[in-house]
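Below you'll find the structure, written out as structure tokens, and then a few comments.
The values are calculated or read from the model by the stated rules, or taken from the named source; none is laboratory data. It should be emphasised that the depicted structure is a prediction, and the values quoted were computed from it without experimental measurement. Positions of Cβ are generated from backbone atoms using ideal geometry, with glycine treated the same way; all protein chains shown enter the neighbour counts. Protein only, heavy atoms only, side chains kept; ligands, DNA and RNA dropped before computing areas. Shrake-Rupley method; radii C 1.70, N 1.55, O 1.52, S 1.80 Å.
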Amino acid sequence: MIDLRSDTVTRPTAGMWRAISEAEIGDDVYGEDPSVNALEAEVAALFGHEAALFTPTGTMANQIALQLVAPRSSELLCDADAHVVTYEVGAAAALGGISTRTWAAAGGDIDPDVVAAMIRPDGFHAVPTRAIAVEQTHNRRGGEVIPLGTLQQLRRVADAAGVALHCDGARVWNAHVAERVPLTTYGALFDTLSVCLSKGLGAPVGSLVVSSAERIAEGRVLRKRLGGGMRQAGVLAAAGRYAIAHHIDRLAEDHARAARLAEALAPFGVVSGAVRTNIVALDLAKAALDAPALGAAARADGVLVSVLGPRVARLVTHLDVDDAGIDRAIEVLVGILRS
Ligand SMILES: *Cc1c(COP(=O)(O)O)cnc(C)c1O
């Protein structure tokens, strides 16, 4: 099977398994796991922040970060398609007591003036706005990248209003490689970031929250409360450290393969947006078959695609799909779309 459903489906490489088996470990709830401590220090440094916190999932990393910047009964602004309000099962409200308000989904194309106008003043009527979240790259919008200039404008909007700026950076590595923007440049723009090791970087499990030492100390308490205090988590951290050392630059290969897929499918008018990173979003509004039909036909021919809606599907390239796999996927998908 050529699995293009998500970049989360990868298995550890031989080198990663070796790193896992050789990991130095200890009890991380006591702060005594050397691999976790090293991973947290390395990732904090990559983004030019003081500290980082290892979490089992990106959802937990996002929710800890949101609780750090948006106190209970305050408001978070984000786009309507953001992972934090779409795929986190209402956690901001259910766990953080955070009220969310969204701007119309525009992926990477954010109007900072629209966001600025949404910020509510303090007072006893309105919900006070405390944070803005953006997603880099954007999952539901085909891996779109928010331009650096837009992020800089959003930073100025946040500073002027005294609100925090959070980056859901599950795939910020892809933006870094595609745009050649240093990770420290991204890091400097945000009060908190969440980053994922188990997407394009190919680790089996793990994410981190990146922020100031003070916030991360508080985040450690929040993580324990959420049930995210892990013991000999060094076996996972070792995989993450290996992924960071070996799998960032190679994301360019995933991007080239996604571009090749998009180019092959473009004549059928089904590719939405410009493909910049490792996600190809398919809009089948004008196609002869709908997304479930495409998904079923592709599966029958050994290619797995994500069906996200009646007319929306998604292809994601990753570490476990090589050039031959992309050739085969193109052959299968073109065959289906042509018939
Ligand atoms: C995958 C993802 C997450 C985290 O998801 P988990 O499955 O909880 O690790 C967060 N944000 C975005 C944009 C993602 O794509």
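Among residues of the range 88-102 being touching a strand residue (DSSP E or B) at 6+ places or on another chain (Cβ under 8 Å) and open to solvent by less than 40 Å² (accessible area, probe 1.4 Å), the one that is nearest to Val163 (Cα to Cα) is Ile98.
Restricting to the range 269-295, name every residue that is among the charged types (D, E, K, R) and either in contact (Cβ under 8 Å) with a residue 60 or more places away in the chain or farther than 24 Å from Asn174 by Cβ (or both).
Residues of the range 269-295 among the charged types (D, E, K, R): 276, 283, 286, 290.
Arg276, Lys286, Asp290, listed by residue number.
For the range 131-138, the condition holds for at least one residue, the condition being that it is part of a loop (DSSP other than H, G, I, E, B) and open to solvent by less than 20 Å² (accessible area, probe 1.4 Å).
Scanning the range 303-324 for residues that are buried (at least 18 other Cβ atoms within 10 Å of the Cβ) and either out of contact with any strand residue (DSSP E or B) (no Cβ under 8 Å at 6 or more places or on another chain) or more than 12 Å from Ala293 (Cα to Cα) (or both) yields Val303, Arg314, Leu315, Val316, Thr317, His318, Leu319, Val321.
Identify, from the list Ser194, Ser211, the residue that is closer than 21 Å to Gln63 by Cα, touching a residue at least 24 places away in the same chain (Cβ under 8 Å) and within 16 Å of the ligand (Cβ to nearest atom). Spell out how you get there, then give the answer.
Working: Ser211 fails: within 16 Å of the ligand (Cβ to nearest atom).
After ruling out the rest, the residue left standing is Ser194.
Residue by residue, here is whether (1) in a loop (DSSP other than H, G, I, E, B); (2) hydroxyl-bearing (Ser, Thr, Tyr); (3) surrounded by fewer than 15 Cβ atoms within 10 Å (Cβ to Cβ); (4) on the phi > 0 side of the Ramachandran plot holds:
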residue: Glu253; (1), (2), (3), (4): no, no, no, no
residue: Ala256; (1), (2), (3), (4): no, no, yes, no
residue: Ala262; (1), (2), (3), (4): no, no, no, no
residue: Ala266; (1), (2), (3), (4): no, no, yes, no
residue: Ala274; (1), (2), (3), (4): yes, no, yes, no
residue: Ala297; (1), (2), (3), (4): no, no, no, no
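Taking first residues from the range 237-250 that are in a loop (DSSP other than H, G, I, E, B) and partners that are surrounded by fewer than 18 Cβ atoms within 10 Å (Cβ to Cβ), the Cβ contacts under 9 Å between residues at least 6 apart in sequence or on separate chains come to His247/Thr13.
Within the range 50-82, the set of residues being open to solvent by 40 Å² or more (accessible area, probe 1.4 Å) and more than 15 Å from the chain's Cα centre (by Cα) comprises Glu50, Gln67, Pro71, Arg72, Ser73, Ala80.
Please state which one of Gly240, Gly234 is over 21 Å from the mean Cα position of the chain (by Cα) and closer than 24 Å to Thr10 by Cα. Give the derivation first.
Working: Gly240 fails: over 21 Å from the mean Cα position of the chain (by Cα).
Of the residues listed, the single one that is over 21 Å from the mean Cα position of the chain (by Cα) and closer than 24 Å to Thr10 by Cα is Gly234.
Within the range 103-112, if we keep just the residues that are open to solvent by less than 60 Å² (accessible area, probe 1.4 Å) and not aliphatic (A, V, I, L, M), the residue that is farthest from the ligand (Cβ to nearest atom) turns out to be Pro112. Here Glu179, Glu144 are screened, and the one residue that is within 16 Å of the ligand (Cβ to nearest atom), modelled with pLDDT of 95 or more and either open to solvent by 10 Å² or more (accessible area, probe 1.4 Å) or of a type in the set (D, E, K, R) (or both) is Glu144. Counting only helices (runs of 4 or more DSSP H) that fall entirely inside the range 1-99 and contain at least 1 residues that are within 16 Å of the ligand (Cβ to nearest atom), the qualifying elements are 34-46, 58-69, 83-86, 91-94. Of all the residues in the range 162-176, those that are within 15 Å of the ligand (Cβ to nearest atom), hydrophobic (A, V, I, L, M, F, W, C) and closer than 17 Å to Leu77 by Cβ number 1. If the condition is being within 16 Å of the ligand (Cβ to nearest atom) and among the acidic types (Asp, Glu), then the range 113-141 contributes only Glu135.
Just the residues that are open to solvent by 10 Å² or more (accessible area, probe 1.4 Å) and more than 9 Å from the ligand (Cβ to nearest atom), please, taken from the range 197-208. Outline the logic, then answer.
Applying the first criterion (open to solvent by 10 Å² or more (accessible area, probe 1.4 Å)) to the range 197-208 yields 198-199, 204-205.
Scanning the range 197-208 gives a single hit, Pro204.
Only one of the numbered conditions (1) open to solvent by 10 Å² or more (accessible area, probe 1.4 Å); (2) aliphatic (A, V, I, L, M); (3) in contact (Cβ under 8 Å) with a residue 24 or more places away in the chain is not met by Val85, and that is (3). Reported count of residues in the range 15-49, each being over 23 Å from the mean Cα position of the chain (by Cα) and within 26 Å of Glu88 (Cα to Cα), is 2.
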